[in-house]
Protein chains: 2
Amino acid sequence: MVAELISVGTELLLGEIVDTNAAYLAQELKNRGVNLYWKTVVGDNQERVVEAIERALTRSDIVIVGGGLGPTEDDLSREAIAAVAGETPTVDEAALAHLREFFRSRGREMPATNTKQAWLIPSAEALPNPNGTAPGWLVRTRGKVIVALPGPPFEMKPMWSEQVLPRLALPQAGLHTRTFRTTGIGESHIAELLGSQLTGARNPSVATYARRDGVHVRVAASAATADAARELAAPAEAAVLAALDEYVYGTDGDDLAVTVGRQLAARSETVATMESLTGGLVADEITNVPGSSGWLVGGAVPYAARAKIAMGVSAETIEQHGTVSRETAREMAAAARERFAATWGVATTGVAGPDSSEGKPVGLAYLAVSGPGVDEVSEIRASGGRRTVKERAAIAALALLWRSLRRLEAGQ
Amino acid sequence: MVAELISVGTELLLGEIVDTNAAYLAQELKNRGVNLYWKTVVGDNQERVVEAIERALTRSDIVIVGGGLGPTEDDLSREAIAAVAGETPTVDEAALAHLREFFRSRGREMPATNTKQAWLIPSAEALPNPNGTAPGWLVRTRGKVIVALPGPPFEMKPMWSEQVLPRLALPQAGLHTRTFRTTGIGESHIAELLGSQLTGARNPSVATYARRDGVHVRVAASAATADAARELAAPAEAAVLAALDEYVYGTDGDDLAVTVGRQLAARSETVATMESLTGGLVADEITNVPGSSGWLVGGAVPYAARAKIAMGVSAETIEQHGTVSRETAREMAAAARERFAATWGVATTGVAGPDSSEGKPVGLAYLAVSGPGVDEVSEIRASGGRRTVKERAAIAALALLWRSLRRLEAGQ
């Protein structure tokens, strides 16, 4: 079974937005053993969308068209698919009523241009979209399947899993993958620890990927069934874990904020943040995790020096060592803990750039953790622009908290 | 002149790495008036790379192949281009000497596998790569040009500007674009306000894009020179601004946080945040802007009810109306302003999900702004997952602040 992706949109073609849908669908297909050989990006031009679909039908079984289902004249995927199928769209009354209701429930009248979102062709089945106005299409033509899905990821993803997957008879999954997420170790050091016997093998395969939150190590195996693939991968997974144990903080989708949340919940402990450099990013990461109100009491972003003092950092420390210092970071973590009456306090201070500050270079950051019997400060020098420096410092702060909690868990 | 991009690499196809090169090249081509209609992503498979190049040669003048120039068996772009040109690669002795020197200068011996990076075919000109081992190729065949460049961006970009551009006789740049960023209005309403005369025109063209921070309206024009294009676009830009003025907060790269920062700096005023729902995201957005320490005094993320009370929200208000309420949002904004002694206070409270809270539905959010003579609260219902709800609320809060500042600027 071979699938092919066609992403429609001039803004995608020109790189103005990143095509995260394609990455999601590629993983989804791979996990079901469907081969993906081609992805084509084409602008908002009917002739070229038709050409791309025609071409795809010659070499793939499933053609997934993403985007171009909006209400404007530039949204041409429906027109293109109808042209490929040689059919004429008509307005589907049920879909139209649904659209009108969507607008009415939001206190607005449906603009006339949205009518085309209620179009249907004879060989198309409409795929309901609970999160937007554009229904998808599933078209069976020439013994192949064309699936049209809207561009916004929060509309596309539930439609893929709830509407498309049940309608496609995809082959039994015979693939197993597990990703180990590490922090505090580089890619080449990992390669050395794993050894070429692990990294050189084909099935199970072990591959490393440098990501913004550390190096990910992925073990993948394929076999007749998912169970057999899991069994095949097991020794490699055990070997990876044995070699990298002290660096692995989570598996698969568990980022540092998820892992730290799980650690805190298990101990019935809480955390509070005090961020200067990262400007709220650490709290933002923590609150992306469902249930985080169970462990995050609160946070502060005392950006100005006077705000730091108001939050409990001593004026003398700032005077003596500067706001970007080991000492200020330590006091901020302690102040966070105290002010919010939390078990743990996490703090960040540093120079985000573009200009240096207090004679300290861009990228210099101090991360601190204060907790029961714990008082840790670490220093990093992050390269990159302002946003990258913030992200690296936020990750380093969460990593420091993870490691502190882990030591307590291990009774060290 | 039409160019086409072919990105080679299984990890690109599977979405494991993001193709930032394509975005860069798309902008580069656009700025020189070269049309880009197609981008194809194909895995490390010679047959399919050949097919993609063959197809591209039928419809484009310049075919840019990115990636697949490494030393491993998986790197097949050279082989594919040679097959398309019907020529056999031979080892170029000058290139081989250069490669050996590259390794020697790093204290290593050249692995035998790297020899293929010194290959050349008769119709190819080698493009030196000062930052890596893979030279590029510029191949003239069938009256078209094929350019092969390595994948790593820090290798590709200097090669593009220093090696490829001087060799291609690209037309004089004659393109002008301007993007108007709006908030508080939907795509179809914008289309109605603009009218089909504007949106239906080809040059200058006016296109709308729904983005996470609102709808962007882009005016683009092409002419013999950039100045002529700017002049051609001027009436359309004026018409867009006249139709949408009250919704336009910025142009081109200026997001809401940049615009708000500029407004505050111009008035020598400051802001403080108090975020529940958004968990620090509003402060994070504000602090992504260079110089934001000039207007952000600080922020708080009082996630637990007791933290809100500690930050100055009255227990009675929370008791009576709940933490997710118009009243609590209003008090949070006032408390932010007061506690941080800032000109403006911005607050968010709501239900991020996945579960409802206090009997209130997921996605319900209250945003509040407190300032000199200003006391505004707005309610939204955001659809989507936890992260999307947070993002929408953060944007709505910044939009509320922008609008409040704008009214003062206009003396309303």
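The values are calculated or read from the model by the stated rules, or taken from the named source; none is laboratory data. Source: prediction; values computed, not measured. Quick reminder, even Gly has a Cβ in these numbers, built from the backbone with ideal geometry, and neighbours come from all protein chains shown.
Observations
- Enumeration of residues in the range A:192-212 that are within 18 Å of A:Thr251 (Cα to Cα) and in contact with a Ser or Thr (Cβ under 7 Å, 6 or more places away or on another chain): A:Val206
- B:Val374 being among the β-branched types (Val, Ile, Thr) and in contact with a Phe, Trp or Tyr (Cβ under 9 Å, 6 or more places away or on another chain): yes
- Residue count, the range A:9-52 (criterion: over 21 Å from A:Ala169 (Cα atoms), in contact (Cβ under 8 Å) with a residue 40 or more places away in the chain and out of contact with any strand residue (DSSP E or B) (no Cβ under 6 Å at 6 or more places or on another chain)): 3
- The residue that is nearest to the other protein chains (Cβ to nearest Cβ), among those in the range B:27-65 that are assigned to a loop (DSSP other than H, G, I, E, B) and touching a helix residue (DSSP H, G or I) at 6+ places or on another chain (Cβ under 7 Å), is B:Gly43.
- Being part of a loop (DSSP other than H, G, I, E, B) and either under 26 Å from B:Ala233 (Cα atoms) or of a type in the set (A, V, I, L, M, F, W, C) (or both) is not true of B:Arg181.
- Of all the listed residues (A:Ala228, A:Ala266), the sole one being at pLDDT below 95, surrounded by fewer than 24 Cβ atoms within 10 Å (Cβ to Cβ) and assigned to a helix (DSSP H, G or I) is A:Ala228.
- Pairs, first within 30 Å of A:Gly385 (Cα to Cα) in the range A:203-231, second aromatic (Phe, Trp, Tyr) and modelled with pLDDT of 90 or more, C-beta under 6 Å, six or more apart: A:Val217/A:Phe180
- So B:Gly86, is it surrounded by fewer than 16 Cβ atoms within 10 Å (Cβ to Cβ), at pLDDT 90 or above, in the same structural domain as B:Met159 (by TED's automatic domain parsing) and on the phi > 0 side of the Ramachandran plot: yes
- Qualifying residue in the range A:286-298 (condition: under 17 Å from A:Ala365 (Cβ atoms), touching a helix residue (DSSP H, G or I) at 6+ places or on another chain (Cβ under 6 Å) and buried (at least 24 other Cβ atoms within 10 Å of the Cβ)): no
- Whichever residue in the range B:107-125 is touching a residue at least 24 places away in the same chain (Cβ under 8 Å) and surrounded by 18 or more Cβ atoms within 10 Å (Cβ to Cβ) and, among such residues, is nearest to B:Trp160 (Cα to Cα): B:Ala124
- The single condition among (1) at pLDDT below 95; (2) of a type outside the set (Lys, Arg); (3) within 26 Å of B:Arg339 (Cβ to Cβ) that A:Asp355 does not meet is (3).
- Which numbered condition A:Val248 misses (of (1) hydrophobic (A, V, I, L, M, F, W, C); (2) modelled with pLDDT under 95; (3) within 30 Å of A:Val389 (Cα to Cα)): (2)
- Test result for A:Tyr24, surrounded by fewer than 23 Cβ atoms within 10 Å (Cβ to Cβ), facing chain B (nearest Cβ under 9 Å) and in a strand (DSSP E or B): no
- Scan of the range A:180-202 for residues that are at pLDDT 90 or above and among the polar types (S, T, N, Q), ordered by number: A:Thr182, A:Thr183
- Strands (runs of 3 or more DSSP E) completely within the range B:302-412 that count 2 or more residues being free of Cβ contacts under 8 Å to residues at least 40 places away in the same chain and either away from chain A (no Cβ under 14 Å) or surrounded by 18 or more Cβ atoms within 10 Å (Cβ to Cβ) (or both): B:364-371, B:374-381
- Any hit, the range B:187-197, residues being of a type in the set (Ser, Thr, Tyr), surrounded by fewer than 18 Cβ atoms within 10 Å (Cβ to Cβ) and either within 14 Å of chain A (Cβ to nearest Cβ) or under 30 Å from A:Asp74 (Cβ atoms) (or both): yes
- Scope the range A:3-23; condition modelled with pLDDT under 95 and under 15 Å from A:Val147 (Cα atoms); matching residues: A:Asn21, A:Ala22
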